[in-house]
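**Q** Quick one: the structure is below, and I'll ask about it shortly.
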Amino acid sequence: MPVHPQNYQPAPLHLKLGEKFYDEVKPANFPDTILRYRNQTAAETIGLDTLANDEWISHFSRFEPLEHNLSRPLALRYHGHQFRNYNHELGDGRGFLFAQVKDNENRLLDLGTKGSGQTPWSRSGDGRLTLKGGVREVLATELLTALGVYTSKSFSLVETNEKLERNDEPSPTRSSVLTRLNHSHIRIGTFQRQLFLEDHAAIEQLVSYSNEHYFPHANEHHNPPLAFFSSVVEQVAKLGAEWFAAGFVHGVLNTDNITIAGESFDYGPWRFLPHLDPEFTAAYFDHSRLYAFGRQPDALYWNLARLAECLLPLCALEDLKQALSKFSETFETQLQRQTLARLGIAQTLSDTDPIVAQFYQTLRDSEAGYEQCFFDLTCGAQAERLEASPQKDFYHQSSFMPLIEAIRERELISDANDVLCSELMQRGRLAQTLIIDEVEAIWASITQSDDWSLFEDKISRIQEYGRVNDTLLAYGILR
């Protein structure tokens with residue numbers, strides 16, 4: 001296999017956990033394999049960028065093992081709360097762990113799948129993924145990456161030429177298999193399964209494995225399980241803040257969809273906000289709006305409390321409560337950092353910069369375009385850029401003027417500002433968004449005439465947009 005020997009680092013470490021955590025499975029045998037998306041940037045980080053397309057297809061649609069890696073895919077076992085109802089019949093039902101590798105920063109990463117066939121946990125499902133679902137996940141991860149959200153990367157999308165029946169879209173519909181690159185597939189639900197089975201030794205084993213490979217600093221703490229929990233709380237709180245600043249609604253924040261690494265993954269009915277609305281809900285089946293945009297922090301906190309319950313055999317209740325209490329502070333701090341960075345404003349030394357609350361309140365009151373406001377107001381809310389905006393009329397409203405004046409009074413990120421303003425002006429008048437009408441137009445072009453040009457053009461534009469935000473975010477926060 002023609003990979004960079006110094007970059008490709010196989011690390012099939014999940015096997016060390018033992019068979020109680022997974023089932024070996026066989027991938028589906030697809031009738032056809034058409035490569036629709038290949039993440040060359042991500043492939044470079046793990047030494048797989050030199051694969052020819054036929055080799056890529058063999059590994060990421062037929063799932064022939066990578067060299068010195070897992071010999072057979074692993075369907076992972078877990079439980080979870082789904083919309084607050086506990087389900088002990090969960091597990092990887094249409095995906096599996098295909099391989100584990102170290103990246104060029106020596107981080108352990110997983111190559112996992114979606115739509116790769118049935119497993120012991122499929123129940124009545126066919127183990128498949130619609131092509132529309134695969135296209136949507138690629139789009140979501142590309143824009144989230146561009147906006148500075150800690151997310152899994154869509155690594156590969158292959159159309160598989162099966163006709164699938166689904167209740168929530170016109171059927172029969174086209175099929176695909178997706179491969180993701182994740183920092184971890186250990187979920188809160190992974191711990192919940194062991195608690196359900198009353199296997200406290202397995203919980204301790206999961207903590208030790210997680211600390212060794214994801215939170216090595218926690219092993220230096222006098223109480224490593226508590227340090228593990230504190231680390232997960234911090235990472236998940238940061239993720240919630242990043243979603244907020246990106247205007248992103250995940251849609252299904254069940255405990256099996258929250259990993260210990262605090263990395264956003266598994267995209268189903270996701271949406272980006274057209275405008276700031278705390279009640280905006282992504283999933284049509286979320287009738288109680290449990291996972292609405294404004295309730296996402298509460299949902300993450302609730303899920304972390306379920307993880308704390310799993311750690312009670314290893315930690316004192318009061319210690320876990322104290323660690324969990326840091327969630328809100330971490331969320332608010334990260335939201336401030338993320339918001340100021342996206343606006344090109346220098347980080348304040350104070351605990352709370354009132355311009356952050358003012359910014360979001362103005363967006364909510366005005367119903368101006370969420371991402372377009374970030375795009376227009378970055379780098380000092382320059383009059384020339386506001387007048388060129390497609391929503392310039394909003395900025396003439398009396399409700400917007402105090403915010404614009406406050407931004408103009410703030411110190412900008414001086415080292416980056418000149419470069420940013422030049423880059424932003426070259427980008428024209430439009431922010432890159434993925435509101436539902438745009439996503440449906442991209443899919444319509446594919447399904448009606450097999451035209452992938454809108455999809456490919458959108459990804460190219462998002463990546464270009466991300467290069468601007470990379471400059472901003474490099475001076476602000478991130479993890």
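**Q** Across region 196-205, in residue order, what do the Karplus-derived ³J(HN,Hα) couplings come to in whole Hz, using 6.51 cos²θ - 1.76 cosθ + 1.60 with θ = phi - 60° and x for Gly and Pro?
**A** 4, 7, 6, 9, 5, 5, 5, 5, 5, 5
**Q** Loop-only GluC sites (Glu not before Pro) in region 67-154, please: DSSP not H, G, I, E or B, and at most 16 other Cβ atoms within 10 Å.
**A** Counting only loop positions with at most 16 other Cβ atoms within 10 Å, the GluC sites (Glu not before Pro) in region 67-154 are GLU67, GLU89, GLU105.
**Q** Let me ask something additional. Take the solvent-accessible surface of the protein heavy atoms, probe 1.4 Å, and return the percent of it on region 37-122 that carbon and sulfur atoms account for.
**A** Reported share for carbon and sulfur atoms: 42 percent.
**Q** Is the shape of region 133-205 best called rounded, prolate or oblate, per the rule: a/c under 1.5 gives rounded, else a/b larger than b/c gives prolate, else oblate, with a ≥ b ≥ c the square roots of the Cα gyration tensor eigenvalues?
**A** oblate
**Q** So, with a 1.4 angstrom probe, what is the percent of accessible area on region 200-251 that is carbon and sulfur?
**A** Carbon plus sulfur share of accessible area: 50 percent.
**Q** In addition: Which distance in Å, rounded to a whole number, links the C-alpha centroids of region 168-205 and region 398-413?
**A** That distance is 44 Å.
**Q** Shifting gears a bit: Among all the aspartates and glutamates, which ones have a C-alpha under 16 Å from LYS20's C-alpha, if same-chain residues fewer than 8 places away are not counted?
**A** Hits, sequence-local ones excluded: GLU89, ASP92, GLU198, ASP199, GLU204.
**Q** Could you please report the charge total around ARG123, scoring K, R as +1 and D, E as -1 over all other residues with beta-carbon less than 12 angstrom from its beta-carbon?
**A** Counting the neighbours of ARG123, the net charge comes to -2.
**Q** Along region 80-96, what does the Karplus equation 6.51 cos²θ - 1.76 cosθ + 1.60 (θ = phi - 60°) give for ³J(HN,Hα), rounded to whole Hz, x for Gly and Pro?
**A** These are the phi-based 3J(HN,Hα) values: x, 8, 10, 6, 6, 9, 6, 10, 9, 10, 7, x, 5, x, 9, x, 7 Hz.
**Q** If you don't mind, another one. Treating cross-link reach as a plain straight distance, find the lysines whose alpha-carbon is under 16 Å from the alpha-carbon of LYS132, omitting any fewer than eight places away in the same chain.
**A** LYS114, LYS163, LYS458
**Q** Next question, about the same structure. Please give the net charge around VAL356, taking every other residue with its beta carbon less than 12 angstrom from that of VAL356, where Lys and Arg add +1 and Asp and Glu add -1.
**A** Around VAL356, the surrounding residues sum to 0.
**Q** What whole-number distance in Å separates the alpha-carbon centres of region 71-109 and region 285-358?
**A** Cα centroid to Cα centroid, the span is 24 Å.
**Q** Next question, about the same structure. Please list, or write none, the lysines whose alpha carbon is within less than 19 Å of the alpha carbon of LYS321, excluding same-chain residues fewer than 8 places away.
**A** Here the lysines satisfying the reach criterion relative to LYS321 are LYS238.
**Q** State in Å² the accessible area per residue of region 1-107; use a 1.4 Å probe, count heavy atoms of protein chains only, and round to the nearest integer.
**A** Here the residues of region 1-107 average 47 Å² of exposed surface.
**Q** What list of ³J(HN,Hα) values in whole Hz, one per residue of region 332-343 in order, does the Karplus curve 6.51 cos²θ - 1.76 cosθ + 1.60 (θ = phi - 60°) give from phi, with Gly and Pro shown as x?
**A** Values per residue, Gly and Pro as x: 5, 4, 5, 5, 4, 4, 5, 5, 4, 4, 5, 8 Hz.
**Q** Using just the Cα positions, wrap the chain in a convex hull and report its mean projected area in square nanometres, one decimal place.
**A** If I average the Cα hull's projected area over directions, I get 22.5 nm².
The values are calculated or read from the model by the stated rules, or taken from the named source; none is laboratory data. Small disclaimer: the values here were computed from a predicted structure and weren't measured. For neighbour counting, all protein chains shown are included, and Cβ atoms are generated from backbone atoms with ideal geometry for every residue, glycine included. What goes into the accessible areas is simple: the full protein's heavy atoms, side chains included, and nothing from ligands, DNA or RNA. Shrake-Rupley method; radii C 1.70, N 1.55, O 1.52, S 1.80 Å.
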